[in-house]
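Asks: Before we start, here is the structure in question, set down as structure tokens.
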């Protein structure tokens, strides 16, 4: 009887040990799966950020091509068959200064990928558009020609803006562009940014993209970055920018 009792006790002990090991392995696998998911999301954001920045640089290179061909900044046209509102009456009628025309730079306007964007903002104006703006500026991108608080048209940059990107992608964009994410979140614009008006050949008095909440302007001198709205657009929305022509 004692032998049988010992055998039963040993069997129970092995069963309990097996249950404990199974629980441990389940927890390890679960944590590993979570880590893999996080790593996968991080890598996806890095790939998307790279695509966005490369697109922005292709715009910049095409504009430089137009300028090298004799187009002034006021003659450059972003008229295209996908998004209306970019007709520039100052542009040559032969379309030699059109970014999106074979007679000009020959680029094709491709709408931003929906996976880059915050779907909760899909009803917003300019959602899933590349905005080409002449009413915003970033201090320090063109040394000596602009200053914080100067709202005049003379220092406004030609900016490419992709509004309403996902917050995690915004962080990845800043990391890739060398912009600090204060407290591991994108810098918040201290005021308003113009993501509505389209460039049609002239620059206008407008807005300064800046972050002052972190104690210093993380966007100062940065031609590429991603910011959280701080008024218009509102807090909780995130927006990529790239300077195409610094002024």
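The values are calculated or read from the model by the stated rules, or taken from the named source; none is laboratory data. Note that the coordinates shown come from a computational prediction; the quantities given were computed from them, not determined experimentally. Counting neighbours? That spans all protein chains shown, and the Cβs are built from the backbone with ideal geometry, glycine included.
Asks: For the stretch 51-85, which residues satisfy the criterion of being part of a loop (DSSP other than H, G, I, E, B) and either modelled with pLDDT under 95 or over 14 Å from residue 134 (Cβ atoms) (or both)?
Replies: Across the stretch 51-85, the qualifying residues are 69, 70, 71, 79, 80, 81, 82, 83, 84.
Asks: Does residue 197 satisfy the criteria of being more than 23 Å from residue 53 (Cβ to Cβ), buried (at least 19 other Cβ atoms within 10 Å of the Cβ) and in contact with a strand residue (DSSP E or B) (Cβ under 6 Å, 6 or more places away or on another chain)?
Replies: no
Asks: Something else about it: Among the residues of the stretch 187-206, write down those that are under 18 Å from the mean Cα position of the chain (by Cα) and in contact (Cβ under 8 Å) with a residue 60 or more places away in the chain.
Replies: 194, 195, 196
Asks: Which one of these does residue 120 not meet: (1) free of Cβ contacts under 8 Å to residues at least 60 places away in the same chain; (2) surrounded by fewer than 18 Cβ atoms within 10 Å (Cβ to Cβ); (3) in a loop (DSSP other than H, G, I, E, B)?
Replies: It is condition (3) that residue 120 fails.
Asks: Residue check, residue 156 against (1) surrounded by 24 or more Cβ atoms within 10 Å (Cβ to Cβ); (2) at pLDDT 95 or above; (3) over 13 Å from the mean Cα position of the chain (by Cα), all met but one. Which one?
Replies: Failing condition for residue 156: (2).
Asks: Here is a check on your reading of the model: is residue 180 in contact with a helix residue (DSSP H, G or I) (Cβ under 8 Å, 6 or more places away or on another chain) and at pLDDT below 95?
Replies: no
Asks: Of the residues 216, 183, which single one is free of Cβ contacts under 8 Å to residues at least 12 places away in the same chain and either exposed (fewer than 15 other Cβ atoms within 10 Å of the Cβ) or within 20 Å of residue 160 (Cβ to Cβ) (or both)? Break it down stepwise before answering.
Replies: Values: 183 fails: free of Cβ contacts under 8 Å to residues at least 12 places away in the same chain.
Result: 216 is the single residue among 216, 183 that is free of Cβ contacts under 8 Å to residues at least 12 places away in the same chain and either exposed (fewer than 15 other Cβ atoms within 10 Å of the Cβ) or within 20 Å of residue 160 (Cβ to Cβ) (or both).
Asks: Modelled with pLDDT of 95 or more and on the phi > 0 side of the Ramachandran plot: is that true of residue 44 in this structure?
Replies: Against the criterion (modelled with pLDDT of 95 or more and on the phi > 0 side of the Ramachandran plot), residue 44 does not qualify.
Asks: Identify, by number, the condition in (1) surrounded by fewer than 16 Cβ atoms within 10 Å (Cβ to Cβ); (2) touching a helix residue (DSSP H, G or I) at 6+ places or on another chain (Cβ under 9 Å); (3) at pLDDT below 95 that residue 211 doesn't meet.
Replies: (1)
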